[in-house]
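One structure is given here, and the rest of the page talks about it.
Bear in mind these aren't lab numbers, they're just calculated from the coordinates by the rules spelled out. Treat the numbers as computed from the prediction; the structure is a model and nothing was measured. Cβ atoms come from the backbone with ideal geometry, glycine included; neighbour counts cover every protein chain shown.
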Amino acid sequence: MYLAIPIHNKMTIDFNKNNDGLVPAVIQDATTKNVLMLGYMNEEAFNKTKETKLVTFFSRTKNRLWTKGEESGNVLNLVDVKLDCDNDTLLIQVNPKGPTCHKGSDTCWNDTNSENFGFISKLENTIESRVAAGNTEKSYVASLFASGINKVAQKVGEEAVEVVIEAMDNKDDLFLSESADLLFHYLMLLQAKGFKLNDVVDVLKGREKK
């Protein structure tokens, strides 16, 4: 028997593709986009997930439905469901309550579940490591930090002026170059104040109109 449940328009889940009636369910944090864990759902587990808004799997070891966090309280609050192109794998976006892994880590790969801005996050980490190393590496970052927060703030102001000047010209390469300088020094100023870009993003999210 072919089992199918409507998902997002006319898409259907093919629970009959595997003999056990299970489909993989990749669990992703709706905010950070980090993958938290992998579970399996049958039709009943999927229906219960939709009904309760708490992610529920079919546990192959317990041989029964299992709602994540039913004992620990670390539930996965359902946000959205997406289906892959073959109709046999789910992407479940959630808001997790507490750590996801049963061993206590944020994810089942022992990663920290925080927002990642790609290269920008890497740059923030580089700045942090240069500051921690101090002048031993004779880096520009360490040298500027050693001059004090006023110097860092002053540099951000200077770069902001340069961006404004180049914005009124037609030399895109110079505008982008000065923009990069401004962003770099702004990341330094954030760290000098004890913050990271994620803290600024949180403020912007708080201003978002619902």
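Where does the Debye-calculated log10 I(q)/I(0) of segment 70-129 sit at q = 0.28 Å⁻¹, using only Cα point scatterers of equal weight, no solvent?
Computed log10 I(q)/I(0) values: -1.09.
Using every Cα-Cα pair within the chain, state what percent have a distance larger than 22 Å.
On the way: 13869 of 21945 pairs.
Roughly 63 percent, once rounded to a whole number.
May I ask for the equivalent-ellipsoid semi-axes of segment 119-207, computed as the square root of five times each C-alpha gyration tensor eigenvalue and listed largest first in whole Å?
On the way: eigenvalues 104, 65, 30 Å².
Equivalent ellipsoid semi-axes, largest first: 23, 18, 12 Å.
GNM, the chain, Cα, under 10 Å: largest mean-square fluctuation among MET168, MET41, MET188?
Looking only at MET168, MET41, MET188, the largest GNM fluctuation is found for MET168.
Can you compute 3J(HN,Hα) from phi for each residue in segment 89-102, using the Karplus curve 6.51 cos²θ - 1.76 cosθ + 1.60 with θ = phi - 60°, rounded to whole Hz and x for Gly and Pro?
These are the phi-based 3J(HN,Hα) values: 9, 9, 10, 9, 8, 9, 10, x, 10, x, x, 8, 6, 5 Hz.
Hey, how much of the P(r) for segment 6-96 falls beyond 14 Å, as a percent of Cα pairs? Don't jump to the answer; show the numbers that get you there.
Details: 2555 of 4095 pairs.
Value for segment 6-96: 62 percent of Cα pairs lie more than 14 Å apart.
Please turn the phi angles of segment 37-43 into ³J(HN,Hα) values with the Karplus equation 6.51 cos²θ - 1.76 cosθ + 1.60 (θ = phi - 60°), one per residue in order, whole Hz, x for glycine and proline.
6, 10, x, 10, 10, 9, 4
Among VAL23, LEU123, ALA180, whose Cα sits farthest toward the positive end of the charge dipole of the chain (+1 at Cβ of Lys/Arg, -1 at Cβ of Asp/Glu, about the Cα centre)?
VAL23
Apply the Karplus curve 6.51 cos²θ - 1.76 cosθ + 1.60, θ = phi - 60°, to the phi angles in segment 45-50 and return the couplings in whole Hz, x for Gly and Pro.
Ordered by residue, 3J(HN,Hα) equals 5, 5, 4, 5, 4, 5 Hz.
Pick out, from THR89, ALA45, MET168, the residue whose Cα sits farthest towards the positive end of the charge dipole of the chain, with +1 on the Cβ of Lys and Arg and -1 on the Cβ of Asp and Glu.
ALA45
In debye to the nearest 20, how big a dipole does the chain give about its Cα centre with +1 on each Lys and Arg Cβ and -1 on each Asp and Glu Cβ?
Working: 25 positive and 30 negative charges, 175 e Å.
Roughly 840 debye, rounded to the nearest 20.
Looking at the chain only, what percent of DSSP beta bridges run antiparallel? Nearest 5 please.
Working: 20 of 25 bridges.
Once the DSSP bridges in the chain are tallied, antiparallel ones form about 80 percent.
Leaving out same-chain residues fewer than 8 places away, which lysines sit with a Cα under 27 Å from that of LYS155?
Reachable lysines: LYS122, LYS138, LYS171, LYS193, LYS196.
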